[in-house]
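Below is one structure, written out as structure tokens, with a few remarks after it.
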């Protein structure tokens, strides 16, 4: 075997190794959920939103969306469904700093795009709006970096 092909093989190996080692953990977060419902911890007695139909405390997994390469994730909602969400091709990630950004995407239900997701993060606080074919949801930050998922009651508007 000549040195040229061996050098080419070494270069390919180094490239592959570099991609694997330096690829962000969240580069393909498909299958990973943005948050989990907090069991045995109710939200404050006072509703998080005056327009709340129902609400539930959630624990956010910030690693799912904290970079431009976070292309997709799963989103469990209060309707009992878990949706696939994919980052928008345009304006999908706007960074204002390391822990200050907005992530935008499309929500998929039963194989069809049926909604929009906009999430804004500042430090360990996230706020968000989620539009589905069956309702509108809001993620509301609370004190001590806790969060509440609220299903909005449209009859109040």
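The values are calculated or read from the model by the stated rules, or taken from the named source; none is laboratory data. Because the structure is predicted, anything quoted here is derived from the model rather than measured. Here the Cβ is made from the backbone with ideal geometry for all residues, glycine too, and neighbour counts use every protein chain on show.
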### Task
Looking only at the range 79-100, decide whether some residue is at pLDDT 90 or above, assigned to a strand (DSSP E or B) and in contact with a helix residue (DSSP H, G or I) (Cβ under 6 Å, 6 or more places away or on another chain).
no
### Query
Can you name the condition, by its number, that residue 88 falls short on among (1) touching a residue at least 12 places away in the same chain (Cβ under 8 Å); (2) touching a strand residue (DSSP E or B) at 6+ places or on another chain (Cβ under 8 Å); (3) under 23 Å from residue 142 (Cα atoms)?
(3)
### Query
What number of residues within the range 103-147 satisfy the criterion of being under 21 Å from residue 89 (Cβ atoms) and either touching a strand residue (DSSP E or B) at 6+ places or on another chain (Cβ under 7 Å) or buried (at least 17 other Cβ atoms within 10 Å of the Cβ) (or both)?
21
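With the condition kept exactly as written, say whether any residue in the range 104-114 is modelled with pLDDT of 90 or more, part of a strand (DSSP E or B) and within 16 Å of residue 62 (Cα to Cα). I'd like the intermediate steps shown before the answer.
First, pick out the residues of the range 104-114 that are modelled with pLDDT of 90 or more: 104-107.
Subset that is part of a strand (DSSP E or B): 104-107.
With within 16 Å of residue 62 (Cα to Cα) added as a condition, the list becomes 104-105.
Looking through the range 104-114, at least one residue is modelled with pLDDT of 90 or more, part of a strand (DSSP E or B) and within 16 Å of residue 62 (Cα to Cα).
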### Query
Here are some conditions: (1) buried (at least 18 other Cβ atoms within 10 Å of the Cβ); (2) at pLDDT 90 or above; (3) within 15 Å of residue 33 (Cα to Cα). Residue 76 meets all but one. Which one does it not meet?
(1)
